[in-house]
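To start, the structure under review is shown below, and the notes come after it.
What follows is calculated from the coordinates using simple rules that are stated; it is not laboratory data. The structure presented is a predicted model; accordingly, all values stated were derived computationally and were not measured. Because the Cβ atoms are built from the backbone with ideal geometry, glycine has one as well, and the counts that use them run over all protein chains shown.
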């Protein structure tokens, strides 16, 4: 594995740890100045070699490299937690989450062998798969869903130059962690909508008075 590929794969794991740590620190109501310093300290600790490898490398050996989609979402989450930056419209994340969740719900069962069709083969440069992604990207850009367009574009670009060790485009687009995140986010969103509907009906019901 070349040095650049190894560095970028390791950087994704460090980003994952840093985002998780920063989120926990913020939940503990730590001041922003200390929040940044503590997050930087975590990054230093997990990047510092213990023996032959840094501790983040051992986690990478267990879970593998994160997809480009995961890296983008983690970077955005970290910037939001540390600095309050929102580079993309949070209200439009649902489309990206929906695409990821639907893709994962179809991709993983088929890849695990419930059908003779293996979608993983499409990731080795299938022309129709690339055309489909291109059309989806154009549609997302036209509808101003820039986060979805950005994730697909960057994933395809990094795959085309061999950014990771993997030569399969699916590994740049999707991984189990981002799939769980997307499915969980949609379930949470659906639960919130259901709660709001129940509250609305309850308020309407309490506002009606019986005829005397």
Pseudo-spin-label distance residue 29 to residue 157, built 7 Å along Cα→Cβ, given in nm, is 4.2 nm
What percent does the relative contact order of the range 1-133 come to when contacts are Cα pairs within less than 8 Å and at least six residues apart?
-> 23 percent
Between the helical axis of 3-27 and the dominant principal axis of the chain, each derived from Cα atoms, what acute angle in degrees is found, rounded to the nearest 10?
-> 30 degrees
C-alpha long axis of helix 93-109 to longest principal axis of the chain, angle in ° | 60 degrees
Using only alpha carbon pairs under 8 Å that are at least six residues apart, calculate the relative contact order of the range 1-65 and give it in whole percent.
-> 41 percent
Helical contribution to [θ] at 222 nm, DSSP H n ≥ 4, -39,500 (n - 2.57), averaged over the chain, rounded to 500 | -23500 deg cm²/dmol
Just check the chain against the gyration tensor rule for me: Cα atoms, a ≥ b ≥ c as the square roots of the eigenvalues, rounded for a/c under 1.5, and otherwise prolate or oblate depending on whether a/b exceeds b/c.
-> oblate
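To the nearest 0.05, what FRET efficiency results for residue 98 and residue 53 with a Förster distance of 22 Å applied to their C-beta separation?
0.05
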Helix 176-207: inclination vs the chain longest Cα principal axis, degrees, rounded to 10, gives 10 degrees
Going by a ≥ b ≥ c, the root eigenvalues of the Cα gyration tensor, does the range 1-121 fall in the rounded group (a/c under 1.5), the prolate group (a/b larger than b/c) or the oblate group?
-> oblate
Under the classification rounded if a/c is under 1.5, otherwise prolate if a/b is larger than b/c and oblate if not, where does the range 133-184 fall, given a ≥ b ≥ c as square roots of the Cα gyration tensor eigenvalues?
-> oblate
Spin-label point model (7 Å from Cα, Cβ direction): what's the residue 195 to residue 41 distance in nm?
-> 3.3 nm
Multiply the residue gap between residue 121 and residue 136 by 0.36 nm, knock off their C-alpha separation, and tell me the result in nm, one decimal place.
-> 3.4 nm
So, in Å, what gap is there between the alpha-carbon centers of the range 1-75 and the range 166-195?
-> 20 Å
Figure the gain on full extension for residue 5 and residue 128 (residue separation times 0.36 nm, minus the Cα-Cα span) and round it to one decimal in nm.
-> 41.5 nm
